[in-house]
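The values are calculated or read from the model by the stated rules, or taken from the named source; none is laboratory data. Computed from a predicted structure; not experimentally measured. Every residue, glycine among them, receives a Cβ derived from its backbone with ideal geometry; neighbour counts consider all protein chains shown.
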Amino acid sequence: MPAEKSSLRNQVPQGAEGDVNSSPYRRDWQSGRINAEARVILDKDSRYFLRQSVSTPCLNTIKKAEGIWIEDHSGKRYMDFHGNNVHHIGYSHPRLIEAINRQMQTLSFAPRRYACDVAAELAEKLADISPGSLSKLLFTTGGSDAIEVALKMARTATGRFKTISFWDSFHGAGFGASSVGGEEMFRGGSIGPLLPGTEHVPPFGDYRNAWGVREGSADLCARQIRYVLEKEGDVSAVIAEPSRAVPYIAAPGFWQQVREACNEFGALLIFDEIPTGLGKTGKLFACDHDEVVPDILVIGKSLGGGILPIASVICKPELDVAEHYAYGHYTHEKNPVTTRAALTTIEIIEDEGLVENAAVVGQYALQRLEEMMESHPLIGDVRGRGFLFGVELVTDRDSREPANDAADRVLYRALDKGLSFKTTMGNVLTFTPSLITTQSDMAFALNVIDESLGEVENELGFN
Ligand SMILES: Cc1ncc(COP(=O)(O)O)c(C=O)c1O
């Protein structure tokens, strides 16, 4: 391989994610825990899949996924506090499986030019439950594609092409989504120029931010967005997650400030609720907490009930301005089976009171995590809302030095005790449980976190 190519391969993005494939703790954890059957699968997986960070090679194998649990090939079960945010209704929900099976036997595909009842019914349902007047929509097979559609709609409706988004954000894998995203892991390497005009601003977050302040970062962030909107003058849209994935919850009034600035300078507001939509934060949409209605809302992940891939872009009716083009013309756009899965998933969320469960049990969990700060010097900050939590680990509370190594150790300790989650930015333990998680399930998970933190603190001489 030419020298210049191999040096490009050696560039390693820092900081975006935590439990990357190269972690020494991952190697140690695997030894002795992966049985022969699992080894065969892992070897085949890494032989054939292109290697990529945080994905291939894999940590472990999965044999079963049911409710809030996943199980590996040695029969060990893990409560899944990550689930890629697809598992709002729990894995393999029997009512969803039955609905999908029935749909497959009735009508399994809708070719172009043929409307089908279930896709139309889902569209009507989403228009019904979406905030404000959001009611015209398209379906895609994944969140990244839905973001591409949203960006095209915003460009067409405004006649402008620039965007403002946050550094450190993730909006998907496509070129548009990577361009508005702000993580090196998904933008860098040698993929070449990204979309022009994708301006970024530092994100809000009082614990850690670009301005070095310990409070008021949301106000500074909102002012910066307004400033860039004004200076650029022709921005098509501000695109962001209303609750940041790290996670950081927006300060009260932040999104109102951004909404007003967008209105003043003629930009649209796009909310990416691909992970948070349908109840993760204890309201149906994260933006409901702020009572701010975006012009375009993007949802996905849990919409397919953890079984099928489907996402949606939902707009204000006045953005329905691209009838001579086909920005969302995907093969499985109005697939009866994926749309049946989505419709049934929403019905399950409503019938089982899952949004309320996330609000109530989430409040209990947040309080217990905050109490853990008293006994765990490793915890620098606890943040969250509903079933979205971040526990930020630091080596020292005054300097707030990120404790990436400790976070990695805690993750593997917790795995051994039956709890699976991911870290974000290297040092933030990030918990996104299924919305069916009960208070006693939550108590189990919190005990695991408590014990794992204690063990790692002992190991590192904290106590
Ligand atoms: C905030 C956000 N936007 C977009 C996406 C992309 O969705 P998908 O993986 O379905 O393409 C993700 C996926 O993790 C996400 O978290």
Residue pairs meeting the criteria (Cβ under 6 Å; at least 6 apart or on separate chains; first in the same structural domain as G304 (by TED's automatic domain parsing), in segment 268-289; second acidic (D, E) and not in a loop (DSSP other than H, G, I, E, B)): none
Residue within segment 309-321 that is among the aliphatic types (A, V, I, L, M), surrounded by fewer than 23 Cβ atoms within 10 Å (Cβ to Cβ) and in a helix (DSSP H, G or I) present: yes
Subset tally (residues that are part of a strand (DSSP E or B), at pLDDT 95 or above and either within 16 Å of the ligand (Cβ to nearest atom) or among the hydrophobic types (A, V, I, L, M, F, W, C) (or both)) for segment 53-91: 5
All positions within segment 177-196 that are within 11 Å of the ligand (Cβ to nearest atom), modelled with pLDDT of 95 or more and assigned to a helix (DSSP H, G or I): A177, S178, V180
Among (1) over 22 Å from the mean Cα position of the chain (by Cα); (2) within 16 Å of the ligand (Cβ to nearest atom) - the single one H171 does not satisfy: (1)
Segment 394-432, residues that are in contact (Cβ under 8 Å) with a residue 60 or more places away in the chain and hydrophobic (A, V, I, L, M, F, W, C): A407, L411, L415, L419, F421, M425, V428, F431
Segment 119-158, residues that are touching a strand residue (DSSP E or B) at 6+ places or on another chain (Cβ under 8 Å), more than 10 Å from the ligand (Cβ to nearest atom) and assigned to a loop (DSSP other than H, G, I, E, B): S130, P131, L134, S135
Failed item, numbered, when L220 is tested on (1) surrounded by fewer than 22 Cβ atoms within 10 Å (Cβ to Cβ); (2) hydrophobic (A, V, I, L, M, F, W, C); (3) assigned to a loop (DSSP other than H, G, I, E, B); (4) at pLDDT 95 or above: (3)
Residue match in segment 206-214 (condition: within 16 Å of the ligand (Cβ to nearest atom), within 29 Å of N84 (Cα to Cα), in a loop (DSSP other than H, G, I, E, B) and within 25 Å of the chain's Cα centre (by Cα)): no
Top-ranked residue in segment 277-305 [being in a helix (DSSP H, G or I) and farther than 26 Å from V337 by Cβ; ranked as nearest to the ligand (Cβ to nearest atom)]: A286
Selection status of S165, outside the structural domain of N85 (by TED's automatic domain parsing), within 14 Å of the ligand (Cβ to nearest atom) and within 19 Å of L229 (Cβ to Cβ): yes
